[in-house]
Amino acid sequence: MSAPVAFSALLLQLQQRANLENRAGFVTVPEQRGYLNEGLQEFHELLMKAGSNGARRHIRRSSVFQCQQGVSDYPLPTDFFEMFSLDIELSPNQFLTATPYMEFERNAFRLYPAFSGWYFGSPVYYAIYGSDTIANVGIVGEKIVRFQPIPQSTYPVHVNYIYTFPSFALDGSNDGNVIDSINGWTMYAVWWAVAAAKHKLKEDASFALGRMAKIEQRIAELAGDTDAGAAERVKDVLIDYDSIAWWKG
């Protein structure tokens with residue numbers, strides 16, 4: 001079960017813990033929102049590095065685009081950070097899991113399979129690139145997914161990914177937006193912001209830093225247990241999905 005909390009509530013918690021409710025001026029409210037943004041982004045990264053897919057499911061999103069005949073490259077969502085999985089919908093309720101290829105395999109799949117279509121049981125591979133390496137596609141910094149073999153028909157492609165954490169507006173226009181604190185863990189961002197405010201005020205930030213460390217430990221130890229009754233299984237990364245594997249040499 002999620003634990004939604006509004007950005008305005010985090011801002012109030014920051015002000016109370018840093019004793020800023022009635023101290024206007026030196027640490028302005030826009031600054032306070034900026035500190036919270038930085039703290040929330042670091043909190044998001046703690047979930048990313050917590051060490052298992054269970055933790056990363058807290059920050060997972062899905063998106064769908066249509067591939068086109070003869071087109072290999074497609075822009076990923078603007079908030080894309082890291083791929084979770086990629087599914088090709090060959091027909092209703094029939095999906096093919098695409099497999100990433102590594103850099104040294106970039107040429108191995110160009111002529112594989114011998115036929116050019118995407119079919120059930122036929123592997124499809126992808127790699128992720130930045131758009132600045134591809135002429136006239138997207139904007140600089142945008143991520144692109146490139147398929148091999150190139151699709152010869154139109155299919156919905158489902159992208160399951162980890163998103164980048166958005167910044168809340170400094171003018172307060174996003175203060176009503178809600179995020180998932182999971183188990184009160186967004187207090188990490190609050191204490192991060194308290195420490196930043198204390199630093200500017202030239203006050204002792206050691207208590208805030210200690211609270212941050214405790215919450216970071218909680219996230220590292222507990223975030224991965226989204227399904228405590230079943231541990232993550234080991235994946236065979238060398239499994240041969242291919243009916244013919246001559247490309248491996």
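Where a number appears in this text, it was derived from the coordinates with a stated rule and is not lab data. All figures in this text were calculated on a predicted structure; none of them were measured in a lab. Don't worry about glycine lacking a Cβ; one is built from the backbone with ideal geometry, like all the others, and counts go over all protein chains shown.
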3J(HN,Hα) from dihedral phi, the range 69-78, Karplus parametrisation 6.51/-1.76/1.60, rounded to Hz, x for glycine, proline: 4, x, 10, 9, 10, 9, x, 8, x, 5
Sorted by Cβ density within 10 Å, fewest first, the residues TRP191, TRP118: TRP118, TRP191
